[in-house]
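Scroll down for the structure; my scribbles are underneath it.
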Amino acid sequence: MTQKQQLKRLLGKSFSIVVCVGLIVGLGIMRTPGEIAEIVSDPWIYMSLWIGGGLFVLLSVLTVAELFAITPRTGGTYVLVRHAYGPYPGFVVGWADWISYCGSIALKSVVVVEYMALLMPEITPFIKPLAVLTSTVFAALQLVGIRLAASIQHAAVFGIGLIMLSITVALFYGYFTAGTAVTDAVAAVAPTRLTQYGIVVTAVVYTYDGWFAATIFGGELKGGGRSTAIGSIKAILIVISIYVLLNLALVLAVPLTALVGNDLALSGAIEIVFGNGTGTLIIFAAIFILLAHHNNQYMMAPRIFYALSADGLGTERAAEFSEKGTPVPALFFSWIAMISLIMVGGFNFLLSLTAFLFVLIYISVVIGVFRLRRKEPNLERPYRAWGFPYVGIVCIIGWVSLAVFIAYSNPVSVAYALGLLAISVPAYLWIKRSNNPRGAVSSES
């Protein structure tokens, strides 16, 4: 192995849990209840969506964790798809994944300053410069090394957990003291159109999104691939517990229809229970979570670009790690991309472009487990898919159904994804000729 391909396993086994929980639990759970309440007002249907969505994602993780375990490389879905299907599919996924993370950080950099502006209106004219400053500070923190970034992530996830627990307890307290009951909710009007059902299911599933996070650090986790697999399963179990308890407290404490139109539904719920002005606390919580995501995703995006570059599908300079465990050149390229997106405001376009593609990625990695069972039957598997092949088939049907709904309801995303696939062919051939990539998948174990 060359020095460029060697990584140190500096991250403890618990980090796989921390990084998944930290990425999944975010603003989604704070605003998604209000979006769902526009269609589903019956608390029992509402709760069944969160429980059912969580179980579906858990089954997906229990299946795909086998692929996690046999691909102990840093790089996320790129290395998974490359392992299962080869360099070109990996290239498409890797670049889409990297762009998506850069766009997400750019978006969150702007949103966090917009939330700050709700508390300090005088900073409103300086949103973009302050967003650039925020992004730059978190990029600079990565230069100190992986140990500091990991410690920040552990502390941030502890803080996020404390926030979710506090909101849950507050809502339960409001229910028991005020005597509000589920039956007080406005009579349910069940969705009658396919698109309505699809919207609420998609919203719930995407609020559970982020369960691939540990694979981005696969070559740096102590315990190797099994640690990545088991940590991801434990993380999704923790998230399901958080979401179910929080939503149960929500439907007990307030009528769901009271949350309709509220961008931060949990803020509206707290104000209903405790009075006007108390929802401001949720804005502080949202700012904290957004800043935590900055640290998390600034650890992630450079590692995807690093993995691409290590296989000759990026730039040669980015295929390097510092002694402190930071992919410094890849961090620099990611920072440039994020700053550019903040300034031009193009991140919404990029996120739309990758929306449909990433559902296809979820389908491909589940199918990848089947493919590698046939292609590499004698490969050592530190973790084997639970309920295989039946659970895997259920997951494929579920993800394909979601892809069909997205294609039906948002054809623009499909057009963007097809456009990306079209331009990826000449781009792949050009990069392959320019960088003379290695044909074999590098090993970082």
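The values are calculated or read from the model by the stated rules, or taken from the named source; none is laboratory data. Note that the structure is predicted; figures quoted are calculated from it, not measured. FYI the Cβ positions are ideal-geometry reconstructions off the backbone, even for glycines, and counts take in every protein chain you see.
Among the residues of segment 209-235, how many are β-branched (V, I, T) and buried (at least 24 other Cβ atoms within 10 Å of the Cβ)? Please lay out each step first, then the result.
Going through segment 209-235, the residues β-branched (V, I, T) turn out to be 215-216, 228, 230, 233.
Next, only the ones that are buried (at least 24 other Cβ atoms within 10 Å of the Cβ) stay: 215-216, 228.
Total meeting the criteria: 3.
Is it the case that segment 171-187 has a residue that's of a type in the set (D, E, K, R), at pLDDT below 95 and under 25 Å from I17 (Cβ atoms)?
First, pick out the residues of segment 171-187 that are of a type in the set (D, E, K, R): 184.
Subset that is at pLDDT below 95: 184.
From what's left, under 25 Å from I17 (Cβ atoms): none.
Checking segment 171-187: not a single residue is of a type in the set (D, E, K, R), at pLDDT below 95 and under 25 Å from I17 (Cβ atoms).
Specify which of the listed residues (A285, A307, A292) is over 19 Å from L165 (Cβ atoms) and of a type in the set (G, A, S).
Selected residue: A307, the only one of A285, A307, A292 that is over 19 Å from L165 (Cβ atoms) and of a type in the set (G, A, S).
Yes/no per residue for (1) assigned to a helix (DSSP H, G or I); (2) among the hydrophobic types (A, V, I, L, M, F, W, C):
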| position | (1), (2) |
| --- | --- |
| I39 | no, yes |
| I45 | yes, yes |
| L49 | yes, yes |
| L58 | yes, yes |
| R73 | no, no |
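Residues that are out of contact with any Pro (no Cβ under 8 Å at 6 or more places or on another chain), β-branched (V, I, T) and more than 30 Å from G94 (Cβ to Cβ): does segment 301-308 have at least one? Lay out the reasoning, then the answer.
Taking segment 301-308 first, the residues out of contact with any Pro (no Cβ under 8 Å at 6 or more places or on another chain) are 301, 304, 307-308.
If we keep only those that are β-branched (V, I, T) too, we end up with 304.
Okay, now just the ones that are also more than 30 Å from G94 (Cβ to Cβ), so none.
Among the residues of segment 301-308, not one is out of contact with any Pro (no Cβ under 8 Å at 6 or more places or on another chain), β-branched (V, I, T) and more than 30 Å from G94 (Cβ to Cβ), which makes the answer no.
For V157, are the conditions met, namely being touching a residue at least 12 places away in the same chain (Cβ under 8 Å) and under 19 Å from F333 (Cβ atoms)?
On the way: touching a residue at least 12 places away in the same chain (Cβ under 8 Å): yes; under 19 Å from F333 (Cβ atoms): no.
Against the criterion (touching a residue at least 12 places away in the same chain (Cβ under 8 Å) and under 19 Å from F333 (Cβ atoms)), V157 does not qualify.
So that you can scan it fast, the table gives a plain yes or no per residue for (1) among the charged types (D, E, K, R); (2) farther than 30 Å from V200 by Cβ; (3) out of contact with any Pro (no Cβ under 7 Å at 6 or more places or on another chain); (4) in contact (Cβ under 8 Å) with a residue 12 or more places away in the chain:
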{"site": "E316", "(1), (2), (3), (4)": "yes, yes, yes, yes"}
{"site": "F358", "(1), (2), (3), (4)": "no, no, yes, yes"}
{"site": "P382", "(1), (2), (3), (4)": "no, yes, yes, yes"}
{"site": "I406", "(1), (2), (3), (4)": "no, no, yes, yes"}
{"site": "V412", "(1), (2), (3), (4)": "no, no, yes, yes"}
{"site": "A422", "(1), (2), (3), (4)": "no, yes, yes, no"}
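Take the residues of segment 75-86 that are in a loop (DSSP other than H, G, I, E, B) and surrounded by 24 or more Cβ atoms within 10 Å (Cβ to Cβ): which is farthest from the chain's Cα centre (by Cα)?
As a first pass, look at segment 75-86 and keep what is in a loop (DSSP other than H, G, I, E, B): 75-76, 86.
This time we only want the ones that are surrounded by 24 or more Cβ atoms within 10 Å (Cβ to Cβ), so: 75-76.
Values: G75: 14, G76: 11 Å.
Filtering first and then ranking leaves G75.
Which of (1) closer than 27 Å to Y416 by Cβ; (2) surrounded by fewer than 19 Cβ atoms within 10 Å (Cβ to Cβ); (3) in contact (Cβ under 8 Å) with a residue 24 or more places away in the chain is the odd one out, the single condition E114 does not satisfy?
Checking E114 against (1) closer than 27 Å to Y416 by Cβ; (2) surrounded by fewer than 19 Cβ atoms within 10 Å (Cβ to Cβ); (3) in contact (Cβ under 8 Å) with a residue 24 or more places away in the chain, the one that fails is (3).
Quick check on segment 1-21: of everything there that is crowded, with 20+ Cβ neighbours inside 10 Å and over 16 Å from I233 (Cβ atoms), which residue is modelled with the highest pLDDT? Even if it seems obvious, please write down each step before you answer.
Going through segment 1-21, the residues crowded, with 20+ Cβ neighbours inside 10 Å turn out to be 7, 11, 15-21.
Keeping just the survivors that are over 16 Å from I233 (Cβ atoms) gives 7, 11.
Numbers: L7: 72, L11: 88.
Across segment 1-21, the extreme among qualifying residues is L11.
Please work out which residue is nearest to the chain's Cα centre (by Cα), limiting yourself to segment 273-324 and to residues that are farther than 23 Å from Y78 by Cβ and aromatic (F, W, Y).
Kept after step one, since they are farther than 23 Å from Y78 by Cβ, are these residues of segment 273-324: 273-292, 323-324.
Imposing the further condition that a residue be aromatic (F, W, Y) reduces the set to 274, 284, 288.
Values: F274: 32, F284: 21, F288: 17 Å.
The extreme case among them is F288.
Go through segment 91-116 residue by residue and tally those that are of a type in the set (S, T, N, Q) and at pLDDT below 90.
We begin by selecting, within segment 91-116, every residue of a type in the set (S, T, N, Q); these are 100, 104, 109.
If we keep only those that are at pLDDT below 90 as well, we get 100, 104.
Residues in segment 91-116 being of a type in the set (S, T, N, Q) and at pLDDT below 90: 2 in total.
State which residue pairs qualify: first residue within 21 Å of S104 (Cα to Cα) and inside segment 194-217, second residue of a type in the set (K, R) in any location, beta carbons under 7 Å apart, and separation of 6 or more residues or different chains.
Note: pairs meeting the criteria are I216/R303; F217/R303.
Test W98 against the criterion of being within 24 Å of L221 (Cβ to Cβ) and either assigned to a helix (DSSP H, G or I) or among the β-branched types (V, I, T) (or both), and give yes or no. Reasoning before the result, please.
Values: within 24 Å of L221 (Cβ to Cβ): yes; either assigned to a helix (DSSP H, G or I) or among the β-branched types (V, I, T) (or both): yes.
Answer is yes for this residue.
Kindly check whether there is at least one residue in segment 386-400 that is more than 15 Å from L59 (Cα to Cα), of a type outside the set (V, I, T) and without any contact (Cβ under 8 Å) to a residue 24 or more places away in the chain.
Scanning segment 386-400 turns up no residue that is more than 15 Å from L59 (Cα to Cα), of a type outside the set (V, I, T) and without any contact (Cβ under 8 Å) to a residue 24 or more places away in the chain.
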